[in-house]
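Below: the structure, in structure tokens.
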Amino acid sequence: MPPPPKGKKRVRTAKDKLLDSDLWAAHIESIWKEVDGTYWFRAHWYIIPEETAAGRQPHNLRRELYRTNDFADVEMESVIRHCYVMYPKEFEKARNEGDDVFLCEYEYDIHWHSFKRISEIEDNDVDDDEAEKDGDWNSCEDPDSDVEDERENQSNPLTRPSPAHPLAANSRKGRIFGLQKIGAKKIPEHVRSHKLTEIEKANATLLLATLPKSLPCRTKEMEEITTFIKGAICEDQCLGRYLYIHGVPGTGKTMSVLAVMRNLRCEVDAGSIKPYCFVEINGLKLASPENIYSVIYEALTGHRVGWKKALQSLNERFSNVTERSKEDDRPCVLLIDELDLLVTRNQAVLYNILDWPTKPNSKLIVIGIANTMDLPEKLLPRISSRMGIQRLCFGPYNYRQLQEIILTRLNGVDAFEKPAIEFASRKVAAVSGDARRALEICRRAAELADYRVKKLLSIPNSAAAGKMLVRMADVEAAIQEMFQAPHIQVMRSSSTLSKIFLAAMVYEGHRTGMSETTFDKLAITVSCLCTSNGEKFPGWDMLLKVGCKLGECRILLCEPGVKHKLQKLQLNFPSDDVSFALKDSKELPWLAKYL
Amino acid sequence: MGVENPAEQAQVLLRTRLCNPDFIFTIFSHSPDSNYSKLKYIMSSSVTEACNNSALLLGPRGCGKIAILEMVIKDLLQEYPDTICVIKLNGLLHSEDNCALKEIARQLCIENQLVFSKMASFDDNSQFVIAMLRECGLAHKTIIFVLDEFDLFTQGKQRLLYSLLDAMQSVTSQAVVVGVSCRLDADQLLEKRVRSRFSHRKLLFLPPSQEDLQKILQHALLLPTESGLPSQYVAAYNKKLLNTLSDEKFKDIIESLCHSDSTYNHLLRFLFAAVCHMDTKSGYLSLDNFKTALSSIQRQPKLEALQDCSILELYILVCLRRLEVKELETTNFNSAMKEYKSVHDSFQTSDYYAWNVCLRAFEHLLQRQLISLVDNRGHSQSVEFRPVRLLISSHELHQGLKSYRSCPAILHKLLDRGV
């Protein structure tokens, strides 16, 4: 840090001073009054890029600051005035805030000298600690202040005592330790200074992880879920509230429920409906079905106990209402994804969960999601009677819906030829109606197109690809890759002996009319084929090895090679596929007559 | 002593090259249609554009799936230092979900210098992995999960794959899941809900074509001029080698090698054997070296096992074969002995051994897996009563007897009559 030129006085604004590190910005967390009447606050500092270990990087903007985890207690007197520190999105929109506007995208760890993006406000439903902090951030007026140079504050946090012994990162007793260590030593340049092409933009919006701005095609179902939950919450007496949602994978079941819950949360914030608590569980992510009790209990109370104890307390909680404290009185919405995983041998887990809502005043609403339509029917009658009353079916999307989904995502990005999207959606609608699949096809097609464009650009004297669109051919290629099994190509490129082996399998199958054969018989056939066509017969051991290799790729189904001549063999694909693959092989033209 | 023979140095160099997949596969890295460039494109797009990807590398064993993947990862690590973290799992070791997740957590902890606890439960670990994915995404770090023997991860409820792929579609992180499998139907093994989350990028690895083979031969065997070897020797060696490579006989050798198995791995093992046979006195790779290498790589284990049998063991094998021709339902040691006795009675052979000697020979055959027990039941029974089957076919037995040094003529006769 170069010291400010002494003696020389130049009129500088507070912003200039701050950027020359004569002033500091800080984010005030709390304010209190000491006994002697002075006001103090606790804040964490912002620093300018020059003060980081990496120094100013070429992609840093002029008004960029980093939020640090450097806390300090400072007297209120030293505060000069208010300034604005904004996220990139707000920064873009900033208009009338004056001169003291700064941009902050990253967090800087002063101990590890590492950078990390500040997580977006949207994903604050992850854990509660985070949410509160973010809520503070969220308030549109940042209580940031310029603070005069107080150098001694900087050494403070470095002397903070370290914990007696290191805590394990993965055993989570409330939180994960050591995550602050993760961070980039330098913000990679390609992240900031890379301008996205249209195709790359399309690629980003088609990502499954990107949450779309609106969810088309499921308005009816979402309305139904909303009325169901609202009805359950608002009524005083809610009995046996259970909704079973089913549909094939990729039809937006979980996404719709979560979207409904988000909307309802907004309504709770606005005060139009009563507050409730929401617990989300995924059956496949539980270590065992019984674990669900502990998870529910932890979500409701914050304590971790074994599942037996949790079951007991949950039973008590949902059956006796009178002893409940005021806070426990909120209705509880329980979302169980992949419900079929909870089916145990005596189905006790499902029974318990479905029995709670029927208790008077339990105030529990259960939403179960699974793929199979007839799950209730497959269960014990006492469960299906509780479960099967209210159902909601998410049918597979038809091609129009898929097209709409893709188009809404691609809104404003001009990267696809219109028929290409229609082709992809028609193809997926015909096979599964899985929206994920449709999005992935489009993304893969965009990727292929991008690959093609980059290849073109790498050749220096080719015509500059001014505007490239994702074409029909790219979609076609993506679909091929996704749906076609690669066995034909493998058969075609396999060794001579494997081809003869496969042809002999087909021939043997035709001759005997049985699909299964033993190695003994097959070897005789192969040797016949070889001798009558002037090929060298390689010997049984070699042939066995070839058979086992084909078995490894699952072109054949075979028993382990130890059984030698007793080994049973079977083609894993229809014999027509083999014939098609080997019919016109160049080095073995005689194979065709046996196929 | 200090001065080494240039031929020995050359041999060491060639062997080092053949054992180094990076060197062998670099010749394919430049063409845009190669798997290398495609895979690199997929993985680097995840690094630069911050998106999640999943891909599957399929192909028969020995076609360079892992080699190419390792090359890509190495290049990426060089290109983007400090931003990539590689987690490697193998289906043979970690097919169980709980242990796989623990292993992921362990490797993540090591890579990021965190403290790992063995005691953490499944829930803890899965929450930790999700948290790590998110944090790494915020820090612009890419996590690459390599799942070798991918097909073995599909046993059971596929919890691990579900949680990984579900995280790919819900967490804004940057991660790549690369599955490697020799089973062509690996993606069909996925459960419906897992398959829906998988992004179906498949790269197929095939055995090399003829031209590629030629390229590899030259690439691997020609000595570089700028190495420390004397240039005269290098020139002479290269000239001789090119001569050998264009020889018709050499082409026959390669053809016979690729007749049964045309994968990269097979070829490299063959070349390694040839280089090991190289005569360091003359210092050149000759055609004979390749011939000996071919015969050492194309072995016929069952036939060779027959060569090592004693006459008595051959008798027992022939007797078992005769019983097989008679289509007896079950054969065991006792029935074989009965046959042996009847043969002895009718032909008065000179080789008649006591019962316990025969039993030892029989047990020896079992150990060499020329015969095997039909089932694994009845461990309490002694060997002589348990049913056995012949594991070699009559053709092999014929061939074995023919090439046996001093096979009694009577055995041929017995076998022929039986057939």
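The values are calculated or read from the model by the stated rules, or taken from the named source; none is laboratory data. Please read these numbers as outputs of a predicted model, since none were measured by experiment. Cβ sites come from the backbone with ideal geometry, for glycine too, and all protein chains shown count toward neighbours. What goes into the accessible areas is simple: the full protein's heavy atoms, side chains included, and nothing from ligands, DNA or RNA. Shrake-Rupley method; radii C 1.70, N 1.55, O 1.52, S 1.80 Å.
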Name the one entry in A:Arg317, A:Arg391, A:Arg330, A:Arg400 that is open to solvent by 30 Å² or more (accessible area, probe 1.4 Å), within 23 Å of A:Cys234 (Cβ to Cβ) and modelled with pLDDT of 85 or more. A:Arg391
Here is a list: B:Leu138, B:Leu165. Which entry is under 33 Å from the mean Cα position of the chain (by Cα) and hydrophobic (A, V, I, L, M, F, W, C)? B:Leu165
Any chance B:Ser262 is over 22 Å from the mean Cα position of the chain (by Cα) and outside any helix (DSSP H, G or I): no
Quick check: anything in the range A:480-491 open to solvent by 30 Å² or more (accessible area, probe 1.4 Å) and farther than 26 Å from B:Ser54 by Cβ? no
Please go through the range B:23-46 and pick out each residue that is in contact (Cβ under 8 Å) with a residue 12 or more places away in the chain and within 8 Å of chain A (Cβ to nearest Cβ). B:Lys38, B:Ile42
Among the numbered criteria (1) crowded, with 19+ Cβ neighbours inside 10 Å; (2) within 14 Å of chain A (Cβ to nearest Cβ); (3) in contact with a Lys or Arg (Cβ under 8 Å, 6 or more places away or on another chain), which one does B:Val275 miss? (2)
Pick out the one residue from B:Asn90, B:Asn125, B:Asn52 that is more than 10 Å from chain A (Cβ to nearest Cβ) and either among the basic types (Lys, Arg) or out of contact with any Cys (no Cβ under 8 Å at 6 or more places or on another chain) (or both). B:Asn90
Within the range B:155-168, does at least one residue satisfy the condition of being in a strand (DSSP E or B) and on the phi < 0 side of the Ramachandran plot? no
Selection from the range B:199-217 of residues that are open to solvent by 80 Å² or more (accessible area, probe 1.4 Å) and away from chain A (no Cβ under 14 Å): B:Lys215
Of the residues in the range B:300-329, those that are within 36 Å of the chain's Cα centre (by Cα) and either of a type in the set (Asp, Glu) or open to solvent by 20 Å² or more (accessible area, probe 1.4 Å) (or both) number 12
Pull up the range A:196-211, narrow it to residues that are assigned to a helix (DSSP H, G or I) and facing chain B (nearest Cβ under 8 Å), then point me to the one that is surrounded by the most Cβ atoms within 10 Å (Cβ to Cβ). A:Asn203
How many residues does the range A:335-369 hold that are small (Gly, Ala, Ser), open to solvent by less than 20 Å² (accessible area, probe 1.4 Å) and either assigned to a strand (DSSP E or B) or modelled with pLDDT of 85 or more (or both)? 1
Does A:Leu566 meet the test of being modelled with pLDDT under 90 and of a type in the set (A, V, I, L, M)? yes
What helices (runs of 4 or more DSSP H) completely inside the range A:374-477 contain at least 3 residues that are polar (S, T, N, Q) and away from every other protein chain (no Cβ under 14 Å)? A:399-409
Restricted to the range B:130-148 and to residues being in a helix (DSSP H, G or I) and open to solvent by 10 Å² or more (accessible area, probe 1.4 Å), the residue farthest from the other protein chains (Cβ to nearest Cβ) is B:Ile130
Any residue in the range A:481-509 that's of a type in the set (Val, Ile, Thr): show its pairings with residues that are open to solvent by 20 Å² or more (accessible area, probe 1.4 Å) at Cβ separation under 6 Å, as long as the two are six or more apart or on different chains. A:Thr496/B:His259; A:Val506/A:Ser575; A:Val506/A:Leu595
When B:Asp375 is evaluated against the numbered criteria (1) loosely packed, with under 14 Cβ neighbours inside 10 Å; (2) at pLDDT below 80; (3) farther than 24 Å from A:Leu544 by Cβ; (4) of a type in the set (D, E, K, R), which criterion, by number, is the only one it fails? (3)
Out of the range B:106-122, which residues are surrounded by fewer than 16 Cβ atoms within 10 Å (Cβ to Cβ) and either in a loop (DSSP other than H, G, I, E, B) or at the interface with chain A (Cβ under 7 Å from one of its Cβ atoms) (or both)? B:Gln113, B:Val115, B:Lys118, B:Met119
With respect to B:Pro224, determine if the residue is open to solvent by less than 60 Å² (accessible area, probe 1.4 Å), in a loop (DSSP other than H, G, I, E, B) and either within 14 Å of chain A (Cβ to nearest Cβ) or within 30 Å of B:Tyr162 (Cα to Cα) (or both). no
